[in-house]
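Here the structure is laid out as structure tokens; the discussion comes afterwards.
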Amino acid sequence: MKAVVFHGPEKGLKVEDIPVPKIADDQILVKVAACGVCHTDLHYIEHGVPTFKKPPIVLGHEASGIVEKAGSKVTNVKEGQRVLIPAVLTCGHCSACRQGRENICSAMTMVGNHFDGAYAEFVAVPAKDILDLPESVPLEEASIIADAISTPYHAVKNRAQVKPGYTVVVFGCGGVGINAVQMASAAGGYVIAVDINPRKLEWASEFGAAETVDASKVERIDKEIRKRTGGGADIDMEVIGNPRTIQQAFECVRVGGRLCVVGYTHEKIAVVAGKIMFKELEVVGSLGCRPVDYVPLIRMVAQGKIDVKRQVTHRFKLDELNKAFEVMKEGLSLRSIVTP
């Protein structure tokens, strides 16, 4: 089969013909319909973040497709079924899983990180984690549900806990951030989107932001947000993973408010700890999505309450994957997908 293989930061990506994965009794082989192009993969390719499986490895963790073959012990899916593959797979029996927090499973594995992923024609995955996709959900565009939509869904619903009438400031309007805007708006929040890319701010308005702020055009973003919200936001969400914007988001929270950090960075941040105490602030992290949340999320997509088609601004074939990353880095895409 054709696949894009990552050989490490120095050698990069190469299109190769590799064997079709063999499946165990409890696995399925999925013919990939599409795989979303995620910034997480760019961390592996250019930023020195290591994959758990040492290269060579096939990256790609936002996938949808058709079940090609099922193992002998598989009973929950059948050949020919339309499916979504969650980005993160859980063990189901560790302490976190038993408490209903499978997204922080101590034995979690990630597609395209712990084992070969979906920048390929086929991918092998455990059947227990697979989700059915109804016919009303477009198959290729559904791939982005696996991460770009599910991650902000969990962040907005379970970690930021957005309620109707809350003022919510979203820092970063990329593929995940734009869905934080969409989810927070759907939850009844009054959303203010912050970015430095005018096109992304236009997208934020289209997906539910009541106001937008170009951070490059204001002297101090914390003063601007406090002015617009009458003292600070109920909830700030940082969806970039930049130490500076995390600190800025922290400064924009009102007394008694909440900061939800969704973006990843390996760097340290500096905040005044006394403000957390004196203002009784909450600072929470948000990682991925619990398996239980995928079902209502897919239902919302099927009902048209969450728009996936409009989010896919660029499409590429497997051998054009490098172009997809260039478009991402230039800030031209909202979400790109690759198809075999």
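The values are calculated or read from the model by the stated rules, or taken from the named source; none is laboratory data. As the structure is a prediction and not an experimental result, all values here were calculated from the model. Heads up, the Cβs are rebuilt from the backbone with ideal geometry, glycines too, and the neighbour counts pull from every protein chain shown. We work out accessible area using only protein heavy atoms, side chains counted, and drop any ligands, DNA or RNA first. Shrake-Rupley method; radii C 1.70, N 1.55, O 1.52, S 1.80 Å.
Kindly indicate the residue of region 184-206 that is touching a helix residue (DSSP H, G or I) at 6+ places or on another chain (Cβ under 7 Å) and open to solvent by 10 Å² or more (accessible area, probe 1.4 Å) and also nearest to residue 104 (Cα to Cα) among those meeting that condition.
Initial filter on region 184-206 (touching a helix residue (DSSP H, G or I) at 6+ places or on another chain (Cβ under 7 Å)): 184, 187, 191-196, 203-204.
Applying the additional criterion that residues be open to solvent by 10 Å² or more (accessible area, probe 1.4 Å) yields 187, 195-196, 203.
Working: 187: 24, 195: 29, 196: 32, 203: 31 Å.
For region 184-206, the residue satisfying everything is 187.
Considering the conditions (1) touching a residue at least 24 places away in the same chain (Cβ under 8 Å); (2) farther than 30 Å from residue 305 by Cβ; (3) charged (D, E, K, R); (4) open to solvent by 60 Å² or more (accessible area, probe 1.4 Å), residue 254 is excluded by exactly one of them, (2).
One residue stands out among those in region 88-129 that are open to solvent by less than 60 Å² (accessible area, probe 1.4 Å) and hydroxyl-bearing (Ser, Thr, Tyr): the one that is nearest to residue 289 (Cα to Cα), which is 90.
All of 28, 18 fail the test of being out of contact with any His (no Cβ under 8 Å at 6 or more places or on another chain), at pLDDT 95 or above and more than 27 Å from residue 326 (Cβ to Cβ), apart from 28.
Scanning region 310-317 for residues that are open to solvent by 40 Å² or more (accessible area, probe 1.4 Å), of a type outside the set (Gly, Ala, Ser) and in a helix (DSSP H, G or I) turns up at least one hit. If you go through region 267-302 and pick out every residue that is farther than 26 Å from residue 233 by Cβ and in contact (Cβ under 8 Å) with a residue 60 or more places away in the chain, you end up with 7. The set of residues in region 130-174 that are part of a loop (DSSP other than H, G, I, E, B) and open to solvent by less than 10 Å² (accessible area, probe 1.4 Å) comprises 133, 137, 148, 149, 160, 172, 173.
Checked against (1) free of Cβ contacts under 8 Å to residues at least 40 places away in the same chain; (2) of a type in the set (A, V, I, L, M, F, W, C); (3) under 22 Å from residue 38 (Cβ atoms); (4) outside any helix (DSSP H, G or I), residue 191 passes all but condition (3).
Cβ-Cβ under 7 Å, sequence separation 6+ or interchain: first residue in region 77-103 and closer than 17 Å to residue 130 by Cβ, partner buried (at least 18 other Cβ atoms within 10 Å of the Cβ) and among the acidic types (Asp, Glu). Which pairs? Note: pairs meeting the criteria are 79/68; 86/129; 87/62; 87/147; 89/129; 90/102.
Tell me which residues, restricted to region 72-84, are buried (at least 16 other Cβ atoms within 10 Å of the Cβ), touching a helix residue (DSSP H, G or I) at 6+ places or on another chain (Cβ under 7 Å) and part of a loop (DSSP other than H, G, I, E, B). Once the filter is applied, which keeps residues that are buried (at least 16 other Cβ atoms within 10 Å of the Cβ), touching a helix residue (DSSP H, G or I) at 6+ places or on another chain (Cβ under 7 Å) and part of a loop (DSSP other than H, G, I, E, B), region 72-84 yields 74, 77.
Right, residue 210: open to solvent by 10 Å² or more (accessible area, probe 1.4 Å), touching a strand residue (DSSP E or B) at 6+ places or on another chain (Cβ under 6 Å) and not β-branched (Val, Ile, Thr) or not?
yes
Of the residues making up region 53-71, those that are of a type outside the set (D, E, K, R), touching a Phe, Trp or Tyr at 6+ places or on another chain (Cβ under 7 Å) and either surrounded by 18 or more Cβ atoms within 10 Å (Cβ to Cβ) or without any contact (Cβ under 8 Å) to a residue 24 or more places away in the chain (or both) number 4.
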